[in-house]
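The values are calculated or read from the model by the stated rules, or taken from the named source; none is laboratory data. Note that the structure is predicted; figures quoted are calculated from it, not measured. All Cβ positions, glycine included, derive from the backbone under ideal geometry; neighbour counts span all protein chains shown.
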Amino acid sequence: MMYQLNKKDWLKKKLRNNFFIFDKNEFPRFTNTSYDPVLFEIINSAYITKNRLNDFFTTLEPLIVFDGKKNDYTLDGSKVVEMKDVLLKDKILSGLKVFELSPKGNVHLDFLEELGAIIPEKVKNNSIPISGENSIKLKNWNEYINEKYDITFSNELMDENSGIKYENHSSVFSGFELYTIYANITKKNGFSIHSNGSVISSLYETYFQFIGFKVIEYFRNSDGNFRFTMIMEKINEKQTSYDEFLYIYTELKKRWPTRYGN
């Protein structure tokens, strides 16, 4: 056999800052919903947070098989049930506070709770508005959210076609305001993960640094155009007000007008 790497070496090769990045469309289908890419990264982040990355490798290893046609290892989707059973017994999210804006259904939230996650009722009830006169904004976010979370995430929210655009602002402006709210509510050394969006790119790493996020990885997770998953770590206690956000955004727009909208 020409391929020289063993499973463990291959797993290490797939790491980006301790996050395991699957090839496009090869993540485990835990719920058979659009949430599956972000669910895998949430689980990965929990193992990092609890300093148990080796246990995560042990859980993954049975799923990895050698594909002779590709001359490479790949994920065996038929073994996801076994992996799910191990994760449910492990309850790796136990004690971790998890937050999402605008969840699409509750199947993924039920799964995260089965893994031990602490999810506020306002998330499960989807009671925080993201559109309309009383929608959450940087000017009023702390009226809706008064604590910080170990892991924050979204699915399809940060997409140009999701309806996040408001008033005369561009979808980039609106999306970045939401990203800033996420930065404000994520604990230092916590993770913020956003899947199936298009308002995410290496072009904007400078902006994320201003609000206290370190971009760990961004990658296309499906065959759709401009559909990415973004993984970020909150590296400090930075809290950004609307006025500061507007100043930063305006200054960046002056420097790169083609990258930033109104």
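Quick look at the numbers
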{"read-out": "Hey, Ser34 assigned to a loop (DSSP other than H, G, I, E, B), in contact (Cβ under 8 Å) with a residue 60 or more places away in the chain and not aliphatic (A, V, I, L, M) or not", "value": "yes"}
{"read-out": "Qualifying position, being part of a loop (DSSP other than H, G, I, E, B), farther than 24 Å from Ile151 by Cβ and not polar (S, T, N, Q), among Lys79, Lys8, Lys70, Lys24", "value": "Lys70"}
{"read-out": "Test: residue in the stretch 168-189 that is part of a loop (DSSP other than H, G, I, E, B) and charged (D, E, K, R)", "value": "no"}
{"read-out": "Within the stretch 116-156, considering residues that are of a type in the set (Lys, Arg) and in a loop (DSSP other than H, G, I, E, B), the one nearest to Met230 (Cα to Cα)", "value": "Lys148"}
{"read-out": "Filter result (surrounded by fewer than 17 Cβ atoms within 10 Å (Cβ to Cβ) and either in contact with a Phe, Trp or Tyr (Cβ under 6 Å, 6 or more places away or on another chain) or aliphatic (A, V, I, L, M) (or both)) within the stretch 116-140", "value": "Ile118, Lys139"}
{"read-out": "Residues (exposed (fewer than 14 other Cβ atoms within 10 Å of the Cβ), in contact (Cβ under 8 Å) with a residue 24 or more places away in the chain and not in a helix (DSSP H, G or I)) located in the stretch 94-115", "value": "Gly105"}
{"read-out": "Qualifying residue in the stretch 239-255 (condition: basic (Lys, Arg), under 19 Å from Lys165 (Cα atoms) and either at pLDDT below 90 or surrounded by 14 or more Cβ atoms within 10 Å (Cβ to Cβ) (or both))", "value": "yes"}
{"read-out": "Tabulated pairs, the stretch 208-236, first within 11 Å of His194 (Cα to Cα) and buried (at least 18 other Cβ atoms within 10 Å of the Cβ), second at pLDDT 90 or above and of a type in the set (Asp, Glu), C-beta under 6 angstrom, 6+ apart or interchain", "value": "Ile231/Glu41"}
{"read-out": "Top-ranked residue of the stretch 8-17 - restricted to ones that are surrounded by 13 or more Cβ atoms within 10 Å (Cβ to Cβ) and either modelled with pLDDT of 90 or more or not basic (Lys, Arg) (or both), ranked as nearest to Ile235 (Cα to Cα)", "value": "Leu15"}
{"read-out": "Any hit, the stretch 66-80, residues being in contact (Cβ under 8 Å) with a residue 60 or more places away in the chain, under 23 Å from Glu233 (Cα atoms) and hydrophobic (A, V, I, L, M, F, W, C)", "value": "no"}
{"read-out": "Residue count, the stretch 49-96 (criterion: over 19 Å from Phe19 (Cα atoms) and touching a Lys or Arg at 6+ places or on another chain (Cβ under 8 Å))", "value": "1"}
{"read-out": "Pairs, first without any contact (Cβ under 8 Å) to a residue 12 or more places away in the chain and under 16 Å from Phe191 (Cβ atoms) in the stretch 12-30, second surrounded by 14 or more Cβ atoms within 10 Å (Cβ to Cβ) and of a type outside the set (D, E, K, R), C-beta under 8 Å, six or more apart", "value": "Leu15/Ile21"}
{"read-out": "Of the criteria (1) in contact with a Gly (Cβ under 9 Å, 6 or more places away or on another chain); (2) in a loop (DSSP other than H, G, I, E, B), which one Ala46 fails", "value": "(2)"}
{"read-out": "Pair list, Cβ < 7 Å and 6+ apart or interchain, from the stretch 45-58 residues that are under 20 Å from Tyr149 (Cβ atoms) to residues that are part of a helix (DSSP H, G or I)", "value": "Tyr47/Leu53; Tyr47/Asp55; Tyr47/Phe56"}
{"read-out": "Single unsatisfied condition, Thr206 versus (1) over 17 Å from Phe99 (Cα atoms); (2) in a loop (DSSP other than H, G, I, E, B)", "value": "(2)"}
{"read-out": "Test: Gly95 is at pLDDT 95 or above and more than 24 Å from Glu217 (Cβ to Cβ)", "value": "yes"}
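Let's see how each residue does on (1) surrounded by 16 or more Cβ atoms within 10 Å (Cβ to Cβ); (2) within 21 Å of Leu115 (Cα to Cα):
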site	(1), (2)
Ser45	yes, yes
Ile48	yes, yes
Thr59	yes, yes
Ile64	yes, no
Lys69	no, no
Leu75	yes, no
Glu82	no, yes
